[in-house]
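Values quoted throughout were computed directly from the atomic coordinates according to the rules given, and no laboratory measurement underlies them. Here the structure is a predicted model, which is why all the values come from computation and not from measurement.
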Amino acid sequence: MADENTIDTVDVAGDIGGDAGESQGRRGRGRGGNREGGEGRGRGRGGRDDRRGPKQEEDDGIIEKLVHINRVSKTVKGGKRFGFAALVVVGDGQGRVGFGHGKAREVPEAITKATASARKKMIRVPLKEGRTLHHDGNGRFGAGKVTVRTAPPGTGIIAGGPMRAVFESLGVADVVTKSVGTSNPYNMIRATFDALSDQTSPKSVAQRRGKKVADLLGRGGASAVEAEAEAAAIVE
């Protein structure tokens, strides 16, 4: 009987030890204590990252550019309360662009609000040959005045500060700009959008007037053949 009891005790102890080992192995995997547990934990974490991946990749080719962040403070009882305002420009690089601003207690939240606002207010700007503007234009907002001019290939984006972010997001490769009157990024961007909203293409003007594109282009002294060729080359 003593031997049987001893054998039974050993078996139970072995089972308990096995369960404890498994529990320790599970705890080891959670803490990265052993190699096998660490690898299992890594695979699990990678799986969750893969599941979160598609939700984070929702930009759909939208270009987002942070133009300006302003920190403001409010004096309250007990100290100062800080907040942040973000100005963001977004575009698809193919003729659509928008801007927005957002305010929050933290910078990432302010940027998120500004990006969401910019996506809702995107406008379409007709581009000539997909690289520059069709014609010159002027824009104004408050004390800010901007001038935008079409440019030949190879010119590049001659613009500074907030205006450069607008044209890079828009997809313009050649443009010459000038801003006078203010250096406030909010006013500069609003003035730039005022100038871009007046942009029209020969195709839209011809449709509005009930004429052919070649008829409009031929009035500048070009021959009928040249006007037809130029009209055929216009996509927008």
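What relative contact order, as a whole-number percentage, does region 99-219 give when Cα pairs under 8 Å and 6 or more residues apart are counted?
Working: 199 pairs, mean separation 29.8, N = 121.
That works out to 25 percent.
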Listed pairs LYS65/LYS103; LYS80/LYS103; LYS65/LYS120; LYS121/LYS203 exceeding 21 Å between Cα atoms
LYS121/LYS203
When a/c reaches 1.5 or more, the comparison of a/b and b/c decides; with that in mind, is region 65-223 rounded, prolate or oblate per its Cα gyration tensor?
prolate
Once amide H atoms are built 1.01 Å from N in the peptide plane, which residues 5 or more positions from ILE157, or in another chain, come under 5 Å H to H?
VAL175
